[in-house]
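Novice: Before I ask anything, let me first share the structure, which is written out below as C-alpha cells.
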Amino acid sequence: MSGTALSAPVVIIGPMGAGKSSVGKRVAKALGVPFTDTDRVIVREHGPIPGIFADRGEPTFRALEAEAVRSAMATGGVIAVGGGAVTHAATREAMRGASVVLLTVSPEAVADRIAGSDRPLLANGGIDAWQTIMDERAATYAELAHAVFDTSRRPMSHVVDDVVAWLGADTRPETRTTTEGAP
C-alpha cells in the first residue's frame, strides 16, 4: 500500500502510553506518507515538555501544541498528538478535517509502559493519576474518534495493520470501527 494518497491527514489520539507515536510512525511508513509526532516537534523547538509545564505552565504548552498540530496538518500524512491535546479547543479546531484514530489501552497494560516516566501530569500519582486523566478525557476522545483500536493485548504490528486496512478501506469521517476483543 506504499505511496497511498490519503484523502485527509490522519491524527492519532489517545491516552498516555497507548502507543500513538509507535503506531503512527509505522502507519506512516506503511503508507509512504510523512509522520509528525507533535510532542517531538515541541521538544525540538521549545525544550523538554516537563520544563515547559514547570516554567511556563500548561496553558502555554497547550498553545504550543495547537500550533504544532496546525503545522502538521498543513504537512499532512500521519500525526501523533499528546494525550491531552484534545483538551484544548484550538487543537481540536486544528484537527478539523482529519481522519481521527483513537488508540485505547487498559490501565493494566499501560502500567508497565508509563513506569518511571517523566510525564508531568503523572508526577504525583502514577497509574491512579493516569486513570483520572483518562476518565476526564474519555468523552472527548470518543467524540473526536472516527475509528477506535485497542492496543492493550495486541502486538503493535497488528494494530498498525488494522489502522492501515481501515484507512485503505474507507477514510470518510463517518466510519467507526473497533477491534476491542479481537484476537
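Novice: Kirkwood Rh, Cα Rg: Rg to Rh for the range 10-169?
Specialist: With Rg and the Kirkwood Rh in hand, the quotient comes to 0.94.
Novice: With the crude spin-label approximation of a point 7 Å out along Cα→Cβ, what separation in nm comes out for Glu143 versus Lys29?
Specialist: 3.6
Novice: Here's something else I'd like to know. Suppose the chain between Ser106 and Ser157 were pulled fully straight at 0.36 nm per residue; how much longer would it get relative to their current alpha carbon spacing?
Specialist: Working: separation 51, 0.36 × 51 = 18.36 nm, distance 1.80 nm.
Separation in residues times 0.36 nm, less the Cα-Cα distance, equals 16.6 nm.
Every number here is computed from the coordinates shown, using simple stated rules; none is lab data. If you're wondering where the values come from, they're calculated on a predicted model, not measured in any experiment. In this analysis, Cβ positions are derived from the backbone assuming ideal geometry, glycine residues included, and neighbour counts consider all displayed protein chains.
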